[in-house]
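**Student:** Please find one structure pasted underneath; my questions will follow.
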Amino acid sequence: MRGLKNAKRIVVKVGTSTLTYETGKTNLRRMDKLVRVLADLRNSGLEVALVTSGAIGVGVGKLGLKEKPHDTPSRQAAATVGQCELMFMYDKLFSEYGNVIGQLLITRSDIENEERKINLVNSFEKLFEFGAIPIINENDSVAVEEIVFGDNDTLSAIVAKLIGADCLVILTDTDGLYSGNPREDENATLIPVVNEITDDILALADTKGSARGTGGMVTKLHAAQIATDVGIDTVVMNGSEPEDLYRLFDGRQVGTHFLPR
Ligand code: GLU
């Protein structure tokens, strides 16, 4: 199997469950480590884009709400609060490591409209040219049901495709795709490499994400389908130790690697 040693442009997606504690508050230690590793990968010459969730989750924590609201306006309002906080933290941490970031908030209609899509790609290309790190989230406060990506796993695959990334890495709270549900079946084993996302592979996904996140494994497999279909290596791995990304880009086996078609 070829590793990812030669990847040049990468998209990393991080979810709410990796960025926050169960209290809903930001996991600062994790975020700091992740930013440090991404800044270092950028310094080593990789072009790095980060797709981040957490706007709603962090907003819920910051507003002191007891749980993630169920109605759209409240979620959207929480996202406006959380998105500021997230970007404040990313800007502070990336700045400490000498890196510059730019924010891109995207809705599905931005991708479906050819002119807006071209503008978006141009912004990405310029940010890379300037040596900056694009940070992307769905524009939650304006995205109504008809135009939502709905989950950032899908969004990350669409971004990877849009900017012609070599590799998409989805960080999550399990080690990758298992032969069964590792929370219930102790014989479940990690699947290191998936050559093709068949119906049997899709059937392995548990639909439920965590209480704070959105997708679970189903949306990760769909994202892997979108990305591998256009030749992008996709890796689903645990985000709890961001330094594992070094091993991945050293060409070692980490998480579940979905090979491009
Ligand atoms: N865009 C949402 C947020 O930032 C997250 C969507 C997802 O969890 O996939 O809260």
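No lab work stands behind these numbers, since they all come straight from the coordinates. Note that the structure is predicted; figures quoted are calculated from it, not measured. Cβ: placed from backbone, ideal geometry, glycine included. Neighbour counts: every protein chain shown.
**Student:** Filter the stretch 1-37 down to the residues that are basic (K, R) and out of contact with any strand residue (DSSP E or B) (no Cβ under 6 Å at 6 or more places or on another chain) and list them by number. It would help to see each step written out before you state the result.
**Tutor:** Initially, the stretch 1-37 is screened for residues basic (K, R), giving 2, 5, 8-9, 13, 25, 29-30, 33, 36.
Matches in the stretch 1-37: R2, K5, K8, K25, R29, R30, K33, R36.
**Student:** Are there any pairs with C-beta distances below 7 angstrom linking a residue in the stretch 19-43 that is free of Cβ contacts under 8 Å to residues at least 12 places away in the same chain to a residue that is part of a helix (DSSP H, G or I), with the two at least 6 apart or on different chains, and if so which?
**Tutor:** As it stands, the answer is N27/L19, since those pairs meet every condition given.
Here's the yes/no breakdown for (1) closer than 21 Å to G54 by Cα; (2) in contact (Cβ under 8 Å) with a residue 40 or more places away in the chain; (3) buried (at least 19 other Cβ atoms within 10 Å of the Cβ):
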{"position": "V230", "(1), (2), (3)": "no, yes, no"}
{"position": "T234", "(1), (2), (3)": "no, yes, yes"}
{"position": "E243", "(1), (2), (3)": "yes, yes, no"}
{"position": "R247", "(1), (2), (3)": "no, no, no"}
{"position": "P260", "(1), (2), (3)": "no, no, no"}
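**Student:** Kindly provide the set of residues from the stretch 164-209 that are surrounded by fewer than 23 Cβ atoms within 10 Å (Cβ to Cβ) and closer than 26 Å to N113 by Cβ, ordered by number.
**Tutor:** The one that is surrounded by fewer than 23 Cβ atoms within 10 Å (Cβ to Cβ) and closer than 26 Å to N113 by Cβ: G164.
**Student:** Quick one: count up the residues across the stretch 110-163 that are surrounded by fewer than 17 Cβ atoms within 10 Å (Cβ to Cβ), within 20 Å of A39 (Cα to Cα) and within 16 Å of the ligand (Cβ to nearest atom).
**Tutor:** Number of matching residues: 0.
**Student:** T26 versus (1) surrounded by fewer than 16 Cβ atoms within 10 Å (Cβ to Cβ); (2) within 14 Å of the ligand (Cβ to nearest atom); (3) β-branched (V, I, T): which is the lone unmet condition?
**Tutor:** (1)
**Student:** Of all residues in the stretch 53-77, count the ones that are surrounded by 24 or more Cβ atoms within 10 Å (Cβ to Cβ) and more than 8 Å from the ligand (Cβ to nearest atom).
**Tutor:** Counting residues in the stretch 53-77 that are surrounded by 24 or more Cβ atoms within 10 Å (Cβ to Cβ) and more than 8 Å from the ligand (Cβ to nearest atom) gives 1.
**Student:** Return the residues of the stretch 32-52 that are away from the ligand (no atom under 15 Å from the Cβ), in a strand (DSSP E or B) and of a type outside the set (G, A, S); say none if nothing qualifies.
**Tutor:** Taking the stretch 32-52 and keeping what is away from the ligand (no atom under 15 Å from the Cβ), we get 32-49.
This time we only want the ones that are in a strand (DSSP E or B), so: 47-49.
Across the stretch 32-52, the qualifying residues are E47, V48.
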